[in-house]
Structure formats: structure tokens, C-alpha cells
Amino acid sequence: MSVKTEAIIYQIYPRSFKDANGDGIGDLEGITQKIPYLKDLGVNWLWLSPIYTSPMADNGYDISDYKGIHSEYGDMATFETLVETCHAQGIKLMMDLVLNHTSDEHPWFVESKSGIENPKRDWYVWRKGKGHRPPNNWTSFFTGPAWTYDQTTDMWYLHLFAKKQPDLNWDNPDVRKAALDVVRFWSDKGVDGFRLDVINLISKKAGLPSGRRRLALTGTEHYVNGPNVHPYIRTLGTEIFKKENKLTVGETVFVTPEDAKLYVADDRNELDMVFHFEHMGVDNIAKWFIKPFKPKKLKLILDKWQTAMSDNGWNALYLENHDQPRSASRFGDDTDYHDKSVKMLAALLLLQRGTPFIYQGQELGMTNVRFDDLKDYRDVESLNVYQILRKSFKLSHKRIMKKLKYMSRDNARTPMQWTDATFAGFSDVQPWINVNPNKDRINVERATTDSDSIFNFYKKLIALRQKEVVFQEGSYQTYDLKGRHTYIFARKTELETYLVMANFSKKPRVMRIPPSFRENVMELVLSNYTHNLKTPFDVYKPYEVRIYRKI
Ligand code: ISL
Ligand code: CA
């Protein structure tokens, strides 16, 4: 067994988790206060979204000091207390490193911008424009050109994300040294692992050629898994991650399983696992261009990754994070079958082969928020997208608001719902972003006192995964891939076999145990329904999931 097989990781978005000092913004002390809750849930790792000094143009993914703690969140002493509290409870800590770009307020960029002779000039990507136009046609992840003009030297700088997030130039050895130094600093502080933000974008093709024009994101072919990405990551791997046994997950956009293996295969000395995005595309053509969700599509993608990574690979399993809408609203049913569908999704997440990641509030079945007023949105991407869809695509206000309600990253960023109090027990004052009105029904206080809650179902699944080595190390095999509304898979070791059978729809469906198990006695270990003799056993109710053990 290894760290990655045992880990169950809970992602915290610090700004929205718990406000301990009453300013409406989540903080480190708030996280420390809630460690007992996380311990009770049973997770053994925390991943903190960025907590470094930042002007917060992108909620901390724009860092202005890699070695400082953002003042609204606490200071180095509160951070150290958090690390100690986690460790004392047997919980490990994973930090979020954003090394592709910094804030434009980082002293490195301030220097770089000051003049072409400055020693830090080449730490970022500066180019002359083409007349009044940017150096190439790349567009930013947050829409609009990936370049911003700067008067000081009459040149443009590259930013794959917001204007306030200039890309570092990893081809400069001093930048690579500085990145290594940052990783070492946090490693030495006792941090146990790292999530590496958009790490597969750090190497850009020489000459920065223009890309093929696309509906969204022009230019990706010139920097996704770029020419030197592997040697650059491998240096971090051999110098620190592997040497010091740090658990790592790379955020890698647009990767195939073949690409992913090049980051995670054991002999590569790079990372332990990566987040791929394929299943985040099941309900859209490109982000913001939404199409109906089909469960079979999701199943086929999950299955493809399970199978492809079975040999010398390892998956990072997730259905949610701070960039994605809530899975209850997206893949489940957040009205009539909220409880059942969310529990079914939980089983799919926690029982597959790989390291599961639970995003804060997912264990309560938190849902999308549906703000009616554009003024309630905070996310830089959502606000940019509104402008572009309105001005360039000429969409109506109503249509854009509908898209935001479905896709905005703010859906995942509303305050964690602790109680049914006015501000959901997150804070005593109006938080930086509005609370979801469904906090009266969906909150920790209620969920922890109800033995049948979504929270308690998560708890059971986590305990099952921790107890049964087969869920950590066993192989994965699927049955009935053709079924449009069902997902059946087994996990196997020489000693144990478990079978997970899920009805991924709101209609009852007849589902039979696959023929190869029919001679066996199958013990029902867990389900999101209670069974009685009145219902025929082969009929799976809406979103029913059953977990069987072969005896
Ligand atoms: O949500 C997205 C925009 O449509 C994703 O494409 C996201 O931008 C992408 O996954 C990269 O995300 C990471 O880096 C961004 C940051 O805004 C995200 O929060 C982070 O997870 C820039 O640092
Ligand atoms: Ca606070």
C-alpha cells in the first residue's frame, strides 16, 4: 500500500469554508476549528486552494508572494497551527502551487515590467505586437486575447488566464530555480503534498506561433503538454517530490490517458496522478456552450480512464472542484431525487480505482446557487464571460444569466453550509459571496444528526474504502457498457470481489447481476435504499445504487 492508494482527499476553498474572525471571509483559523468535522467524515488528506499573499483577482490563483500567507486568511503562525492540528489528527496537508503564472503585483513582474534591461525582464513572456494587434492569436481561458499591452516598453505580455496573471517564462533557468525554491520552502514547512495548478501549460512552443481558430481557446496546441514540460516537472520530481515522498497531483487540462501516463507512470519520476477534464466536457461543446447531460457519456469516459490507467497508471477521481458547477445539479438531480442521486454519485466516486477527491460541501449534496442578479457573481471568469457573450456573441442578458446559473464557478464557491443560521454558520456577517438559500435544508448540523443523510452515506463509503483493501488496490472491471442508464463495475483482488450496480436515472430499471456472478452468493453491503420483500429485487429504484460483496 502506498500514500496515494490510501489517501481520500478533501478540498477546501479557504475563502468559503469558515470565517473565524467575523469579516465575512473564510480563514485558516476557521479551517483549524473544523478539523474534528473532517476527522469525523473520515478523510485523511486536505487540499487547500491557495492561501498565499494575493490581490485576489482570481481568489488566490494570482500569487504576489509565494512565501507569505494572505493577510485575510491569517499569518505564518496560524498556518503552522493548522499543520500541527492536522498532523496531530493523522490528517495530511496538500498545498496548491500556482507556478504557471504569478500576480501582476508580484515583485518579479513589477521588476520585469519596468524595462527591457531589467534582470527579471525574461522571467515573463514579453513580445512586440503586430501593429496594434497582439503578438499572436492565442485567447485566454477567461476569454479575450491572452496578451495585454503595456505602455512602459511598448510591448505585450502573455497571460493564459486573467490580465492580472502574467505567465512565467519557464524556459528561463532562473524561473525554474525560483519555482524549485518555492516548493522546497513549503516542503520544509512540513507540507505533505502538492496540487500543481495547470502544470501542463508551463512550456510554450518556441516562436509562439498563432493557433488554429476555435470556438473557445485558440492556441492550445502550442502550449498544452508543450515541448519541455516533462523535463521541467521531472526536476521538481527528482529534487523534491519523489525524494521526500510528497504526494502530487497535477492539474492537466486537455490530456488524454496517453498524455496522462507520461506524467504519472512510476518510472517517470514526475507526479503521482493528474486531474483530467474529459468528463467535465460531457454537458458542453466548449465551456458555456451547454448540451444535455447523458449518463452513458459520463460512464464511458470514467470507464475509459479506469481501463487505460490500470497498467502503470493511477487516477485522480473527482466530480467537483472550485471551478465546476455542483455535481448534484449537473450529473444528479437537485430536486426530486436529490438525496438518492447524490448518494449514487458518491458511490461511483469513492469506489473506483484511484485517489478520490471530495470538494467541500459535496458531502452534503450542496447544489448550484442560481443568482438572479449579475451583481451577485464574484468570479473573474464569469464576469469576463458575461461581457464577451453580450458584446461579441450578442446573446441576451437572460440567456447569459441562464448559462451562468448552470456553469459559473461561483456555484461551487458559495459559503459552506454549517447551519441554518442567516449566514449558514459560515460567518456572523454578510459573506463575500451570498449564501445559497437552501442552507435551511442542506447543512452540516442537520446532516450530522440524521443517520440517513448524504453526509452519513459518504461516511459509510469512506469507511468501506478504508477497510477493504480491494477498493484501494483491486482491479476494475465493467459490465454492460452498452446500458444507457446503468453503471455496473467490479473491484477485485485475489481474495475479494465487490460489485457496484447503479441505476443512473430517475426511472426504475430492471438490472441483473452479470452472468459471471450468478453462481455466487452476493451479500448486499450498502445501498441508498432500504430493501423489503415487497419490491422485486431486480428492480432498481430511481438512482438506486447497491454495493455487493461476493462471498
Ligand atoms: O474553470 C475553468 C475555466 O473555464 C477551467 O478551464 C480552469 O480555468 C482551468 O481548469 C485552470 O484552473 C486553474 O487555474 C486557474 C484558476 O482560475 C482555477 O481556479 C484553477 O483551478 C488559473 O490559475
Ligand atoms: Ca475571516
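The values are calculated or read from the model by the stated rules, or taken from the named source; none is laboratory data. Keep in mind that what you see is a predicted model, and the values were worked out from it rather than measured. When we count neighbours, we look across all protein chains shown, and the Cβ atoms used for this are built from the backbone with ideal geometry, even at glycine. To get the accessible areas, we keep the full protein, side chains included, count just its heavy atoms, and leave off ligands, DNA and RNA. Shrake-Rupley method; radii C 1.70, N 1.55, O 1.52, S 1.80 Å.
Computed over the chain, the per-residue total of -39500 (n - 2.57) for DSSP H runs of n ≥ 4 gives a 222 nm mean residue ellipticity of -8000 deg cm²/dmol, rounded to 500. Provide the net charge surrounding residue 293, with neighbours chosen by a C-beta distance below 11 Å and charges set as Lys +1, Arg +1, Asp -1, Glu -1. Result for the local shell: +3. The listed residues 484, 176, 546, 512 rank as 484, 512, 176, 546 when sorted by accessible area, largest first, using a 1.4 Å probe. Within straight-line reach of residue 398, meaning a Cα separation under 30 Å, sit the following lysines at least 8 residues removed in sequence or on another chain: 163, 164, 287, 291, 294, 297, 375, 439, 506. Whole Å is fine, so just give me how far the alpha carbon centre of the range 480-518 lies from that of the range 243-260. Taking the Cα centre of the range 243-260 as reference, the centre of the range 480-518 is 29 Å away. For the range 377-464, applying the loop criterion from DSSP together with a ceiling of 16 other beta carbons within 10 Å to the chymotrypsin sites (Phe, Trp or Tyr not before Pro) yields 393. Within the accessible surface of the range 138-216, defined with a 1.4 Å probe on protein heavy atoms only, the carbon and sulfur portion equals 52 percent. Helix 397-407 against the longest principal axis of the chain: what's the angle in degrees, Cα atoms only, rounded to the nearest 10? Between the helix axis and the principal axis of the chain, the angle is about 60 degrees.
The local environment of residue 81, defined by Cβ-Cβ distances under 13 Å, has a net charge of -4 under the rule Lys, Arg +1 and Asp, Glu -1. The distance from the alpha carbon centre of the range 156-176 to that of the range 299-314 is 33 Å, rounded to a whole number. Accessible area per residue for the chain is 39 Å², calculated with a 1.4 Å probe on protein heavy atoms, without ligands, DNA or RNA. Given axes a ≥ b ≥ c from the Cα gyration tensor, I'd like to know whether the chain is rounded (a/c under 1.5), prolate (a/b larger than b/c) or oblate. Prolate. Within the chain, the longest segment free of exposed loop sites, counting GluC sites (Glu not before Pro) that fall outside DSSP classes H, G, I, E and B and have at most 11 other Cβ atoms within 10 Å, spans 118-493. Report, to the nearest 10°, how far helix 380-391 tilts away from the longest principal axis of the Cα atoms in the chain, using its own Cα long axis and a range of 0 to 90°. Helix 380-391 and the main axis of the chain meet at about 80 degrees.
Measuring from centroid to centroid over Cα atoms, what is the spacing of the range 321-396 and the range 106-127 in Å? Taking the Cα centre of each part, the range 321-396 and the range 106-127 sit 38 Å apart.
Against the chain, whose longest principal axis is taken from its Cα atoms, helix 76-88 shows a tilt of about 20°. Beta-bridge orientation, the chain: approximately 60 percent antiparallel, per DSSP, counting only bridges with both partners inside. Note: relative contact order over the chain, using C-alpha pairs below 8 Å and six or more positions apart, is 13 percent.
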